[in-house]
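Notes follow the structure.
Bear in mind these aren't lab numbers, they're just calculated from the coordinates by the rules spelled out. Bear in mind the structure is a predicted one, so any value in this text is a computation, not a measurement. Cβ coordinates were reconstructed from backbone atoms using ideal geometry, including for glycine residues, and neighbour counts include every protein chain displayed.
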Amino acid sequence: MILPIVEYGHPALRAKGRRIEKIDDRIGKLADDMIDTMNDANGVGLAAQQVGLPLQLCVIDVLDADEPGDMLVNGEPADLADYMPLVLVNPEIEPFGAVESVTEGCLSFPGMQGKIPRPIEVRVKAITLENEALEFAATGLLARAVQHEYDHLQGVLYIDRMEPADLEAAKPTIEKLLKRNSI
């Protein structure tokens with residue numbers, strides 16, 4: 001089922017997600033609906049906050065990207081097709097490596113993009129929908145998507161990290177979204 005994606009101004013986007021204590025059918029259905037919603041919107045990631053639910057849950061799928069990045073599981077290269085779409089429950093991340101500014105978009109900021117500085121690699125610990133521990137390292141778009149979605153789970157938005165010149169250029173769009181979506 002396609003869920004409505006909340007836009008900037010909705011209070012859920014600034015809410016830190018609650019830990020998920022029990023992975024049940026309701027969480028599985030939510031994750032499936034979030035994947036459908038992300039795909040319908042042509043996104044590569046979606047956090048529960050973006051569908052109005054402050055939970056520690058996000059979905060990511062970079063498989064169709066031109067340069068999706070790499071994933072290492074247990075120190076070995078992993079086939080992304082075996083893991084996408086990726087569902088992360090209660091993730092913890094450790095970004096590392098050089099910082100690069102790359103243009104990002106966000107489904108909660110339609111039509112807007114800006115350069116966001118982020119470390120180029122990330123280590124991730126999370127729980128899967130099968131209630132199993134998943135640990136991996138990622139580079140490229142996958143690393144960037146993980147960091148972007150993790151920020152959402154903490155109530156941090158990409159405009160909070162945006163390069164100053166890009167943020168200044170985006171202010172009219174940000175103000176319009178805020179006016180349209182404030183509750």
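Some notes on this structure:
- Simple label model, 7 Å out from Cα along Cβ direction - residue 40 to residue 92, nm: 3.5 nm
- For the options 147, 50, 113, a Gaussian network treatment of the chain with springs between C-alpha atoms closer than 10 Å singles out 113 as fluctuating the most.
- Mean Kyte hydropathy of -0.5 or more with a Cα span along the axis of at least 18 Å, helices from DSSP in the chain: 140-153
- For the stretch 1-94: rounded, prolate or oblate by the Cα gyration tensor [a/c cutoff 1.5]: prolate
- The stretch 74-165: GluC sites (Glu not before Pro) falling in loop per DSSP and having at most 16 other Cβ within 10 Å: 130, 132
- Theoretical gain in end-to-end length, residue 135 to residue 171 [0.36 nm per residue, Cα-Cα removed]: 9.2 nm
- Efficiency of FRET from Cβ geometry, residue 1 and residue 180, R₀ 30 Å, rounded to 0.05: 0.75
- Residues of type lysines that residue 176 reaches as a straight line, Cα spacing below 28 Å, ignoring anything fewer than 8 places off in the same chain: 16, 115
- Simple label model, 7 Å out from Cα along Cβ direction - residue 25 to residue 67, nm: 4.5 nm
- Highest-fluctuation residue, 142, 129, 13 considered, GNM on the chain with Cα pairs under 10 Å: 129
- Square roots of 5 times each gyration tensor eigenvalue, C-alpha, the chain, largest first, Å: 25, 20, 14
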